[in-house]
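The structure appears below as structure tokens.
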Amino acid sequence: MSYAMKELNQEARIGGKGVEVHRDTPRIDMSDFYARKPEITEALWRAATEIGFFQLENHGIPQGLIDDAFAMSEGFFGLEGATKAQYPLKPGTNAGWEYKAQVRPSTGTADQKESYQITLPRMSGLWPTGAELPGFKATMLAFERENWALGMKVLSCFADKLGFGPDFFTEGHDPLVPEYQSTLRLIHYLEMEGAKPEDFEFWRAGAHTDFDCLTLLHQREGQGGLQLCPGKEADELAWTDVPPLPGIVTCNIGDMLMRWSDDKLLSTLHRVRMPKPGEYMGPRYSIAFFCQGNTDTVIEGPQKRYAPITAKDYILQRLGANFKA
């Protein structure tokens, strides 16, 4: 059975509610990164091999830029549907706007959200105009690059532990070439005010693992719902809330890096649950940056546990399984 098919089969059996338990998500201080890199590397490795989720503090992305990115995201999703439809997500591109088009194999239902993907070499004709949303492109370009830089710091630590060169992942995620395919995704989960009781039987985003190398997630304080579940193989899945905290970037390992590490680094199940009675019922906004190897980058672990595959072919396999045409 192929690696991708194994992952899809696992996703297909995780649609149930499971149980909820408390766990502490590891918190890692990224300050003085180059002076403290050995210490940070050990903390990242421990978190990535034990749970696959961790949170970064003192990460270096200016809070003002994060706030601006969220304001621009809310502005984009507030545009008329006909305006957003001018910038559609096309199959296989991971660039553009979609509305309730992501169907998880774990649930068979569409996520209750809309999103806008920014994959820089594929954005021709997909940026809203200055008249529609002044400052949007400049803000997102700056925010994309800050996230890329932080992701490369984290990945350089994993490169050290895996025996790769220090810039191995940076070279494999080179943003200055047409083959670049890391993606910034703006996400708007639909508000639940006035929703029917049966709507709460579903999820805002069904259980899944990410298919990138590393995900960096920005959440808005007060807009919770993210849950993680280590141990895809468990008979009974146990879910833990990951509350949004100010100044924190939440990270998780993706399937691509799990394969690249010969399964040493753990790609962890997560989902976005519906709000519970008494919780905030309004719209939920988050912004994710997906570090994904360039299309011509070959994914092969140091122990060669899996056959080599280009990042392009790997991503296309997973996109085809998660988005309707």
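Here are the numbers for this structure:
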{"quantity": "For the chain, alpha-carbon Rg over 2.2 N^0.38 Å", "calculated": "0.94"}
{"quantity": "Computed accessible area, Tyr180, all protein chains, 1.4 angstrom probe, square angstrom", "calculated": "0 Å²"}
{"quantity": "Contact order relative to length of the chain, as percent, for alpha carbon pairs under 8 angstrom and 6 or more apart", "calculated": "24 percent"}
{"quantity": "For segment 83-194, accessible area per residue (1.4 Å probe, heavy atoms of protein chains only), Å²", "calculated": "38 Å²"}
{"quantity": "Karplus-derived HN-Hα couplings along segment 253-264 (A = 6.51, B = -1.76, C = 1.60, θ = phi - 60°), whole Hz, x at Gly and Pro", "calculated": "6, x, 4, 4, 6, 4, 5, 4, 9, 6, 6, 6"}
{"quantity": "In segment 51-170, lysine pairs closer than 26 Å at Cα, eight or more apart or cross-chain", "calculated": "11"}
{"quantity": "Relative pair counts by distance (%), Cα atoms of segment 88-182, 5 Å bins", "calculated": "2, 11, 16, 17, 16, 15, 13, 7, 1, 0"}
{"quantity": "Leu176 accessible area, assembled protein chains, probe 1.4 Å, Å²", "calculated": "150 Å²"}
{"quantity": "Estimated vicinal HN-Hα couplings, Hz - segment 277-292 in sequence order (Karplus 6.51, -1.76, 1.60; Gly, Pro = x)", "calculated": "x, x, 8, 4, 10, x, x, 10, 10, 9, 9, 10, 10, 9, 6, 10"}
{"quantity": "Fraction of accessible area attributable to carbon and sulfur, the chain (%, probe 1.4 Å)", "calculated": "54 percent"}
{"quantity": "Solvent exposure of segment 42-82 as accessible area per residue, Å², 1.4 Å probe", "calculated": "42 Å²"}
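The values are calculated or read from the model by the stated rules, or taken from the named source; none is laboratory data. Values in this document were obtained by computation on a predicted structure and should not be read as measured data. Ligands, DNA and RNA are stripped out before the accessible areas are found, and what is left, the full protein with its side chains, is counted by its heavy atoms. Shrake-Rupley method; radii C 1.70, N 1.55, O 1.52, S 1.80 Å.
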